[in-house]
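Working notes, beginning with the structure itself.
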Amino acid sequence: MDIRVLKTKADIAKACGEIFIEEINKKSDIVLGLATGATPLPTYEYLIDAYKNGRVSFKEVTSFNLDEYCDLARENENSYYSYMLNNFFNHVDMDKSRINIPDGNAKDAEKECAAYDKMIEDMGGIDIQLLGIGTNGHIGFNEPSDEFTDATFKVKLSDSTIESNSIYFPDGDMPRYALTMGIGSIMKAKKIILIATGAAKIDAVDKMVNGEVSPACPASILQNHDDVIIFLDEDAAAKINK
Ligand code: F6R
């Protein structure tokens with residue numbers, strides 16, 4: 001693991017954004033795996049600025065998002081579809097036909113998940129996968145469990161994830177299920193960049209980096225990937241920096 005501890009979220013957005021810009025400029029039809037949540041927002045902002053300054057174009061980029069809630073309309077402002085449009089895609093020159101996000105309202109979730117994996121495979125796999133990490137060590141919505149998951153699947157969200165994300169659903173209508181790429185899908189990405197910021201991630205980061213590789217902390221599997229960069233701010237790195 002290539003662990004890089006930087007001072008601020010802005011420093012991480014710049015460092016991470018520059019990697020994306022360099023890779024996209026090398027391969028304009030790159031396939032990106034994208035994440036939602038609070039963590040990648042500064043990186044998306046950095047990339048939007050770079051696009052506006054003519055440093056990068058997303059015209060030929062294909063994207064696959066990690067996950068989407070079930071039983072939530074796409075138009076709901078809390079869907080990951082809306083998140084991606086509002087925080088990134090609507091502000092750059094992404095070709096909307098190349099944007100892929102699992103359909104959490106698909107009638108046949110199993111079929112939707114299998115089709116999603118097939119689309120990723122048909123595109124030649126993901127070149128760079130961006131990840132955040134949950135306070136419980138989840139990546140995507142792969143919650144702590146007894147075994148590592150494989151391909152895209154429908155998951156019941158853990159109590160800890162519901163607690164963390166319910167701030168976005170003040171009316172108490174937080175979805176209980178999601179479709180998520182599995183650990184196997186994530187590990188197939190050629191390059192992985194994980195960002196963790198803030199003190200709430202201290203223990204998850206410590207287990208991911210120093211703990212045994214175990215599905216009890218799904219992110220620990222990244223120790224087995226041979227091209228992974230972990231960007232941490234000083235708060236998230238407090239335990240591992242000791
Ligand atoms: C988001 C995702 C999740 C988040 C994680 C951290 O697509 O798959 O694993 O990356 O829950 O969320 P934040 O960044 O909000 O702390």
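The values are calculated or read from the model by the stated rules, or taken from the named source; none is laboratory data. Note that the structure is a prediction, hence the values are computed from the model and not measured. Cβ: placed from backbone, ideal geometry, glycine included. Neighbour counts: every protein chain shown. Calculation scope for accessible area: heavy atoms of the full protein, side chains included, ligands and nucleic acids excluded. Shrake-Rupley method; radii C 1.70, N 1.55, O 1.52, S 1.80 Å.
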Checklist entry - Under 7 Å by Cβ, and 6 or more places apart or on different chains, what pairs join a residue from the stretch 160-175 that is more than 15 Å from CYS70 (Cβ to Cβ) and in a helix (DSSP H, G or I) with one that is of a type in the set (A, V, I, L, M) and more than 11 Å from the ligand (Cβ to nearest atom)? => result SER166/MET174
Next on the checklist: Tell me which helices (runs of 4 or more DSSP H) are completely within the stretch 36-142 and hold 3 or more residues being exposed (fewer than 14 other Cβ atoms within 10 Å of the Cβ) and within 16 Å of the ligand (Cβ to nearest atom), or say none if there are none.
Outcome noted: none
Checklist entry - Taking the stated definitions as given, is ILE183 out of contact with any Gly (no Cβ under 9 Å at 6 or more places or on another chain) and either free of Cβ contacts under 8 Å to residues at least 12 places away in the same chain or of a type outside the set (Asp, Glu) (or both)? => result no
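With respect to ALA196, determine if the residue is in contact with a Leu (Cβ under 6 Å, 6 or more places away or on another chain), within 9 Å of the ligand (Cβ to nearest atom) and either under 28 Å from ASP233 (Cβ atoms) or open to solvent by 30 Å² or more (accessible area, probe 1.4 Å) (or both). Walk me through how you get there before you give the answer.
Details: in contact with a Leu (Cβ under 6 Å, 6 or more places away or on another chain): yes; within 9 Å of the ligand (Cβ to nearest atom): yes; either under 28 Å from ASP233 (Cβ atoms) or open to solvent by 30 Å² or more (accessible area, probe 1.4 Å) (or both): yes.
For ALA196, the condition - in contact with a Leu (Cβ under 6 Å, 6 or more places away or on another chain), within 9 Å of the ligand (Cβ to nearest atom) and either under 28 Å from ASP233 (Cβ atoms) or open to solvent by 30 Å² or more (accessible area, probe 1.4 Å) (or both) - is met.
Restricting attention to the stretch 19-29, and to residues there that are loosely packed, with under 15 Cβ neighbours inside 10 Å and in a helix (DSSP H, G or I), which single residue is nearest to the ligand (Cβ to nearest atom)?
We begin by selecting, within the stretch 19-29, every residue loosely packed, with under 15 Cβ neighbours inside 10 Å; these are 22, 25-29.
When the remaining residues are screened for being in a helix (DSSP H, G or I), the result is 22, 25-26.
On the way: GLU22: 23, ASN25: 25, LYS26: 25 Å.
Per the criteria, the residue is GLU22.
If we scan the stretch 178-189, do we find a residue that is within 16 Å of the chain's Cα centre (by Cα), away from the ligand (no atom under 13 Å from the Cβ) and in a strand (DSSP E or B)?
Initial filter on the stretch 178-189 (within 16 Å of the chain's Cα centre (by Cα)): 178-189.
When the remaining residues are screened for being away from the ligand (no atom under 13 Å from the Cβ), the result is 184, 187-189.
If we keep only those that are in a strand (DSSP E or B) too, we end up with none.
Checking the stretch 178-189: not a single residue is within 16 Å of the chain's Cα centre (by Cα), away from the ligand (no atom under 13 Å from the Cβ) and in a strand (DSSP E or B).
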Next on the checklist: Every residue in the stretch 59-93 that is farther than 21 Å from PRO170 by Cα and over 18 Å from the mean Cα position of the chain (by Cα), please.
Outcome noted: LYS59, GLU60, ASN90, HIS91, VAL92, ASP93
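Which is farther than 26 Å from PHE169 by Cβ, open to solvent by 30 Å² or more (accessible area, probe 1.4 Å) and touching a strand residue (DSSP E or B) at 6+ places or on another chain (Cβ under 8 Å), of LEU32, LEU6? Walk me through it before giving the result.
Details: LEU32 fails: open to solvent by 30 Å² or more (accessible area, probe 1.4 Å).
LEU6 is the lone residue from the list that is farther than 26 Å from PHE169 by Cβ, open to solvent by 30 Å² or more (accessible area, probe 1.4 Å) and touching a strand residue (DSSP E or B) at 6+ places or on another chain (Cβ under 8 Å).
Among the residues of the stretch 150-157, is there at least one that is touching a residue at least 24 places away in the same chain (Cβ under 8 Å), part of a loop (DSSP other than H, G, I, E, B) and either within 15 Å of the ligand (Cβ to nearest atom) or open to solvent by 50 Å² or more (accessible area, probe 1.4 Å) (or both)?
Yes, that holds for at least one residue.
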Checklist entry - Can you pull out the residues in the stretch 207-232 that are part of a strand (DSSP E or B), over 20 Å from SER160 (Cα atoms) and not β-branched (Val, Ile, Thr)? => result PHE231, LEU232
Checklist entry - Could you give every pair whose Cβ atoms fall below 9 Å, whose first residue belongs to the stretch 56-80 and is in contact (Cβ under 8 Å) with a residue 40 or more places away in the chain and farther than 19 Å from VAL155 by Cβ, and whose second residue is part of a loop (DSSP other than H, G, I, E, B) and open to solvent by 50 Å² or more (accessible area, probe 1.4 Å), counting only separations of at least 6 or pairs across chains? => result THR62/ASP29; THR62/ASP95; THR62/MET123
